[in-house]
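Engineer: Supplied in structure tokens, the structure appears directly below.
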DNA sequence: GCGCTTGTTAAAGT
DNA sequence: AACTTTAACAAGCG
């Protein structure tokens, strides 16, 4: 589930569990998950401690006492689990950090889209990978200037990590719903009022999601995310959640920019009504 | 068993 | 050339 709020939750979890404990070893099930050679990774980390964490978009950087960083990307399904050596190993724990105190940190990778590697310079890494300002840090002006020169649809533009970092497919739908903007509007066609609304919605959705530690079932009832199938379990009557939580009209579901998109055609009209 | 999936990116298209 | 769109990646899940 790793969009920005999940990664922020993982960052806090890592910070609360894994700092200041010397590493003994690292076990890797599939070296495709590594962006640094296994031997290099182990040689660099053995005996080292993690000392600090920072997050940009969906990227987690963990600083070591050697001055370099370990970069985590959680792909579509990555997760973390910290547990004692005699506890059962979680499923899909494909990379395991062994601490000298007997605890372990599992990097859980069900679909192998996750990545770990060494990074010397976070700024240089972000530049090289063209990762833009974090979605919680970007200013309305910065966002507006970038959107103004984009010819693509607003939804795929917001998903582009080189425009703003941290927004994924479910959050972009929520943000556009809260800002009442149709996902197929051209990014450059947004008025300054709409850009302002968009920026406010990004803040609101992300801060809400972080507050609930990305547990979507706890989100306010007027969030469109409850229409997503996976969120239905706490709600026996599935049908009612395919209606707009604001106007109760039927939601529209279609592919936009190649991704499944939920929106309310009434509350998010394509044509401006003012 | 089929189609779907929260992300990224190389390749193709304009 | 530069920007945009699409397909592919891997594997689990319903």
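Just so you know, all these numbers are worked out from the coordinates, no wet-lab data involved. Not measured: the values here are computed from a predicted model. Here the Cβ is made from the backbone with ideal geometry for all residues, glycine too, and neighbour counts use every protein chain on show.
Engineer: Below 8 Å, C-alpha to C-alpha, sequence gap of six or more: please give me the relative contact order for the range A:4-128 in percent. Walk me through the numbers on the way to the answer.
Structural biologist: Numbers: 246 pairs, mean separation 36.7, N = 125.
Once normalised by length, the contact order is 29 percent.
Engineer: Same structure, new question: When the Cα centres of the range A:114-193 and the range A:25-90 are compared, how far apart do they sit, in Å?
Structural biologist: Their Cα centres are 26 Å away from one another.
Engineer: If you don't mind, another one. For chain A, calculate the relative contact order in percent as a whole number, restricting contacts to Cα pairs under 8 Å that are 6 or more residues apart.
Structural biologist: 17
Engineer: Given points 7 Å out from each Cα along the Cα-Cβ axis, report the residue A:221 to residue A:17 separation in nanometres with one decimal.
Structural biologist: Going from the residue A:221 label point to the residue A:17 one covers 3.4 nm.
Engineer: Once you have the Kirkwood Rh of the range A:4-128 from its Cα pairs, apply Stokes-Einstein at 25 °C and 0.890 mPa s and quote D in µm²/s.
Structural biologist: 171
Engineer: Using just the helices of chain A, give the 222 nm mean residue ellipticity in deg cm²/dmol: DSSP H runs with n ≥ 4 each add -39,500 (n - 2.57), and the total is spread over all residues, rounded to 500.
Structural biologist: -8000 deg cm²/dmol
Engineer: Give the angle, between 0 and 90 degrees and rounded to the nearest 10, that separates the Cα long axis of helix A:192-211 from the longest principal axis of the Cα atoms of chain A.
Structural biologist: The two axes meet at around 40 degrees.
Engineer: Taking neighbour Cβ counts within 10 Å as the exposure measure, how do A:37, A:86 sort from fewest upward?
Structural biologist: Going from sparsest to densest Cβ surroundings: A:86, A:37.
Engineer: Quick one: grab the alpha carbon gyration tensor of the range A:4-75, order the square roots of its eigenvalues as a ≥ b ≥ c, and give me rounded if a/c is under 1.5, else prolate or oblate depending on whether a/b is larger than b/c.
Structural biologist: Since a/c reaches 1.5 but b/c is at least a/b, the shape of the range A:4-75 is classed as oblate.
Engineer: Next question. If every alpha-carbon in the range A:46-204 counts as one equal scatterer, what log10 I(q)/I(0) does Debye give at q = 0.12, 0.14, 0.18 1/Å?
Structural biologist: -0.64, -0.79, -1.06
Engineer: Where is the GNM fluctuation largest for chain A (alpha-carbon springs, 10 angstrom cutoff): A:184, A:29, A:174?
Structural biologist: Between A:184, A:29, A:174, it is A:29 that shows the largest mean-square fluctuation.
Engineer: A further question on this structure: For the range A:140-263, what percent of Cα pairs sit more than 16 Å apart? Before the final figure, lay out the partial values.
Structural biologist: Working: 4593 of 7626 pairs.
Beyond 16 Å sits 60 percent of the P(r) for the range A:140-263.
Engineer: Please report, in whole Å, how far the alpha carbons of chain A spread along each principal axis, starting with the longest.
Structural biologist: Principal extents (largest minus smallest coordinate, Cα): 63, 44, 28 Å.
Engineer: Same structure, new question: Tell me, A:91, A:12 in order of fewest to most beta-carbon neighbours within 10 Å?
Structural biologist: On the way: A:91 10, A:12 14.
So the residues, fewest neighbours to most, are A:91, A:12.
Engineer: When only Cα pairs under 8 Å and 6 or more residues apart are kept, what is the percent relative contact order across the range A:63-130?
Structural biologist: Relative contact order for the range A:63-130 comes out at 41 percent.
Engineer: Same structure, new question: Over its Cα atoms, what ratio of radius of gyration to 2.2 N^0.38 Å does the range A:73-152 give?
Structural biologist: My calculation over the Cα atoms of the range A:73-152 gives 1.57.
Engineer: By how many degrees, 0 to 90 and rounded to 10, does the Cα axis of helix A:169-178 deviate from the longest principal axis of chain A?
Structural biologist: Orientation of helix A:169-178: about 40 degrees from the principal axis.
Engineer: Ok, one more. Within 10 Å of each residue's Cβ, count the other Cβ atoms and sort A:42, A:172, A:195 from fewest upward.
Structural biologist: If I rank by nearby Cβ atoms, fewest first, I get A:42, A:195, A:172.
Engineer: Just to confirm the number: angle between the C-alpha axis of helix A:4-17 and the first principal axis of chain A, 0 to 90 degrees, nearest 10?
Structural biologist: 30
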